[in-house]
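Peer 1: Once you've had a glance at the structure underneath, I'll fire off some questions.
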Amino acid sequence: MRFGVPFSGMCCLLLAAAVSAADQSPRETYEQLNALRVDAAGVYEIESPNRIELRRGDVQLSFEHGKLAFFEEFSGRITGVVFSGRGHVFAAPRDVVEKQQMARFLGAPVLDQDFFSACLRFTDDTADELLRQLRSGGISAHQDSSFATTWNPLLTTVNPAQSLRVLFGTLSQNAKPFFRASLDGVVTGPFEVVFDQSREESMMFGQSKKSAAGTFYDVWASYKTPVSSPPVAAFCALRYSIETSILANTTLEARTEVRFRAETDSERLLVFQLSRMLNVDEVTDERGNPLTYFQNEGMNLHERSTRGNDYLYVVLPAALAHGSEFALRFRYHGNVIQDAGNGVFYVGAREVWYPHFGDAADFAAYDLTMRWPRRLRLVATGSKLDEHDDGDFRVGHWRTEKPVSVAGFNLGEYAFASLSSGTHSIDIYANRLLEQALNNRLGAAGLDAPRMPSPFGPEGQVATKMMPEFPVTPSPADALKDIGREIDSSIRFYEGFSGPFPFQKLGVSQIPGTFGQGWPGLLYLSTFSFLSPAVQRRAGLSESGQEHFTELVPFHEVAHQWWGNVVAWSHYRDQWIDEAIANYLALLFADNQKNANHPLRVWLGRYRQRLVEKLPGTAESASDIGALNLGSRLSSSKSPEGFEQVIYPKGSWVIHMLREMLRQPGGKNPDARFVTLLHTLAAKYAYRALSTGDLQHEVEAIMTPNMDLEESHSMDWFFEEWVKGSGVPHYHVEFTVHRNEKGYLIRGRLFQRGVPRSFVAPVPLYSNAVAGHSTLLGVVTAAGPETSFHFTTEAPPRKIIIDPQMTLLCVAE
């Protein structure tokens, strides 16, 4: 799985402001902004009938009763306001999906609640607007030191992040205003409202919230507004040169040089992803001149691990001319390699072990030089150019053959096997021993074995009986050659759908736990995928869990070599496409195996059940969590595994439904249109982003007449309902049969529930006239709660069956 960029808070920068501090260094400006406190001489008392109102975007803030005070001035401007008392906030999202999300978190499709305190930070004219209203209401400022004293300690905590945001605005020559309100709601507790015209989705409402599964940022709603325009990428990363030394204690010391091209001539700020567990020692330009950078300011290592972020901000001395190239050099150290016991290691910071610029659709060249303890083997992204001993260490050199969006490595006390196959080769690495946690599990397997989670959903279940102890400790290394052959077989199968394999070499490495990940030319596979069914059962996996790790996970990650590592996404709303295609191709590969017992139908049935059954301890199902295009937002304090619970099952069904609609039964190749679609996507969107709009456009280019339900040569109906909507339709039929001169006239009604009244879908109905045999009556376009139909048949149906061929995600009642 590829994981997108976290969504909230300081993760959406490259921002603008209206403040100027041209004569100061960025660090000096930041320190001054950070030191701002409440102006004790500028406190205003608001009492009825006076009412101060402020509208930003779709948000209406009302300060009804209490005290309001401004921050001290900075460079002649006010950048903050605090309030204590009684206030009210109201906002109505513009989008149906966002209203559904708001209702899911708040119980209503609008934000409509009281608050008793507020802290506003802004770079727009908020201060001027508030002062005008205060003066027109005859409200004068007065001295109130106790009010300032109450607020100032809190500002010490909240200012660091907010001051960075204001600072970053001073660095842009193309300033766009921003406004952020941190409110203490009477019902919800603390939450945030953001209106930032530099964000692609300028309006955002959310809340940081803890649950038993961890701390989440719940995004109640996020969407574009008419006044905002998409941000323009200011820089493009061209090449990464990474030199990494892994010491004997597995800590890491590294140097990275990233070469860039300026895409505008007005920006100075570059934002990188970098693990909070790595400490930056210095950032310089290519001449060695030190540059200003910010990384989890004011936090120690413990604070970083609990409330820090994985971001690094670098400031250039001046904006560069459009098209000019430059390089940044980083020196950093820390520990991102985890020891799982028994000589099993893995890279915990999978995508942030080096300063990474951009998103999943930003491709660049990579040159990696790695130095590591000689007792271990190391596998990395790219083609290996050299490997040699250096005392107690080994040194290797890798270079990517084609542009990639991210690079990775893994290491351990590996056994190794290699397989050459045509234009590519496969290297497989696995530990001789199990990680300690799994080894303990096998030693204590039985009725009380804990449930094993899965990367794609709850497929691992507790074994129901004690398994006999095996005389030999299982070793993942035993499966090397078998896995290599199976992966090679999947590559050949996928080439028929996705085109030639994009890399000359594929490394496959074991990683502890229950997840997988597909890097460019490198796979991470769960230990469970290296174990036999008998050992998987001893570890607590059910039959479906075993099939999951054996039939699905390895080949899902192989499919990501095309779908995710060549065809990418740039926005969190589009990540579902790569995950869905990769997962569906893995299902097709499993279905294609000679010993398969129709696993495609089995998995689609499981996915449907998972989408409609109630989640433990809740009144909602996975299909209620949200739409596919919510992406990473699906995971929240209310649904910690929401991404996995929605994206894989529903995404696979969406691709399956498209395939079924494009099929040409009776033809030489019934899947010709579907194959054409995937080939077009793989070629046309190689090394760039594929959006949901792009996918719809390519589907419309080859759609059949039967897909045109709205008679507009558009697939809007499909993408609005299945990608941007939630819910699974439930159907049942009522019918009568009358004999006439042509045979038997069937009149009936198809009832639809569980989806909006506007939902339309082509529903195949079959006649079961003879036991064990069904005949297609026709396809009824269900529209609304009830749709009438009639057919004439030669034989009277004993029963009408809804979609027995599983072409539509639905529940037949």
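Peer 1: Being out of contact with any helix residue (DSSP H, G or I) (no Cβ under 6 Å at 6 or more places or on another chain) and open to solvent by less than 50 Å² (accessible area, probe 1.4 Å) narrows it down to one residue among 53, 64; which is it?
Peer 2: 64
Peer 1: Let me ask you something else. Determine which single condition residue 107 fails, assuming it passes every other condition in (1) surrounded by fewer than 17 Cβ atoms within 10 Å (Cβ to Cβ); (2) over 37 Å from the mean Cα position of the chain (by Cα); (3) of a type outside the set (Asp, Glu); (4) over 26 Å from residue 226 (Cβ atoms).
Peer 2: (2) is the only condition that residue 107 fails.
Peer 1: Taking the conditions exactly as written (modelled with pLDDT under 50 and either open to solvent by 10 Å² or more (accessible area, probe 1.4 Å) or within 30 Å of the chain's Cα centre (by Cα) (or both)), does residue 474 satisfy them or not?
Peer 2: So residue 474 does not fit the description; no.
Peer 1: Still on this structure, please answer the following. Can you tell me which residues in region 94-109 are outside any helix (DSSP H, G or I) and either over 19 Å from residue 636 (Cα atoms) or of a type in the set (D, E, K, R) (or both)?
Peer 2: Selection gives 94, 95.
Peer 1: Given the residues 86, 94, 104, 55, which is the only one that is at pLDDT below 95 and closer than 19 Å to residue 193 by Cβ?
Peer 2: Just one listed residue meets the conditions, 94.
Peer 1: Taking the options 140, 136, name whichever one is open to solvent by 30 Å² or more (accessible area, probe 1.4 Å), within 30 Å of residue 35 (Cβ to Cβ) and among the small types (Gly, Ala, Ser).
Peer 2: 140
Peer 1: Which members of region 539-553 meet the condition of being open to solvent by 10 Å² or more (accessible area, probe 1.4 Å) and not hydroxyl-bearing (Ser, Thr, Tyr)?
Peer 2: Correct list: 543, 546, 547, 551.
Peer 1: Go through region 399-420 and give me each residue that's within 26 Å of residue 686 (Cβ to Cβ), open to solvent by 10 Å² or more (accessible area, probe 1.4 Å) and polar (S, T, N, Q).
Peer 2: Residues satisfying the conditions are 400, 420.
Peer 1: Does residue 180 satisfy being under 29 Å from residue 293 (Cα atoms), modelled with pLDDT of 95 or more, open to solvent by 10 Å² or more (accessible area, probe 1.4 Å) and basic (Lys, Arg)?
Peer 2: It is true that residue 180 is under 29 Å from residue 293 (Cα atoms), modelled with pLDDT of 95 or more, open to solvent by 10 Å² or more (accessible area, probe 1.4 Å) and basic (Lys, Arg).
Peer 1: Would you check which residues across region 382-400 are touching a Ser or Thr at 6+ places or on another chain (Cβ under 7 Å) and not hydrophobic (A, V, I, L, M, F, W, C) and list them?
Peer 2: Of everything in region 382-400, those that are touching a Ser or Thr at 6+ places or on another chain (Cβ under 7 Å) and not hydrophobic (A, V, I, L, M, F, W, C) turn out to be 382, 397, 399, 400.
Peer 1: When you scan region 197-217, do you find a residue that is closer than 21 Å to residue 367 by Cα, aromatic (Phe, Trp, Tyr) and part of a strand (DSSP E or B), even just one?
Peer 2: Checking region 197-217: not a single residue is closer than 21 Å to residue 367 by Cα, aromatic (Phe, Trp, Tyr) and part of a strand (DSSP E or B).
Peer 1: All but one of (1) among the polar types (S, T, N, Q); (2) buried (at least 24 other Cβ atoms within 10 Å of the Cβ); (3) under 21 Å from residue 655 (Cβ atoms) hold for residue 510; which doesn't?
Peer 2: (3)
Peer 1: Could you check, for region 127-139, whether at least one of its residues is over 24 Å from residue 60 (Cα atoms) and assigned to a helix (DSSP H, G or I)?
Peer 2: The answer is no, given that none of the residues of region 127-139 is over 24 Å from residue 60 (Cα atoms) and assigned to a helix (DSSP H, G or I).
Peer 1: Which residues, counting only those in region 229-243, are of a type outside the set (S, T, N, Q) and either part of a strand (DSSP E or B) or open to solvent by less than 50 Å² (accessible area, probe 1.4 Å) (or both)?
Peer 2: 234, 235, 236, 237, 238, 239, 240, 242, 243
Peer 1: In region 323-351, how many are touching a Lys or Arg at 6+ places or on another chain (Cβ under 9 Å), of a type outside the set (S, T, N, Q), part of a loop (DSSP other than H, G, I, E, B) and open to solvent by 20 Å² or more (accessible area, probe 1.4 Å)?
Peer 2: The qualifying residues number 2.
Peer 1: Sticking with this structure for a sec: Could you say which residue among 755, 763, 733 is surrounded by 14 or more Cβ atoms within 10 Å (Cβ to Cβ) and not in a strand (DSSP E or B)?
Peer 2: Being surrounded by 14 or more Cβ atoms within 10 Å (Cβ to Cβ) and not in a strand (DSSP E or B) holds for just one of 755, 763, 733, which is 755.
The values are calculated or read from the model by the stated rules, or taken from the named source; none is laboratory data. Please read these numbers as outputs of a predicted model, since none were measured by experiment. Virtual Cβ from ideal backbone geometry, glycine too; neighbours counted across all protein chains shown. To get the accessible areas, we keep the full protein, side chains included, count just its heavy atoms, and leave off ligands, DNA and RNA. Shrake-Rupley method; radii C 1.70, N 1.55, O 1.52, S 1.80 Å.
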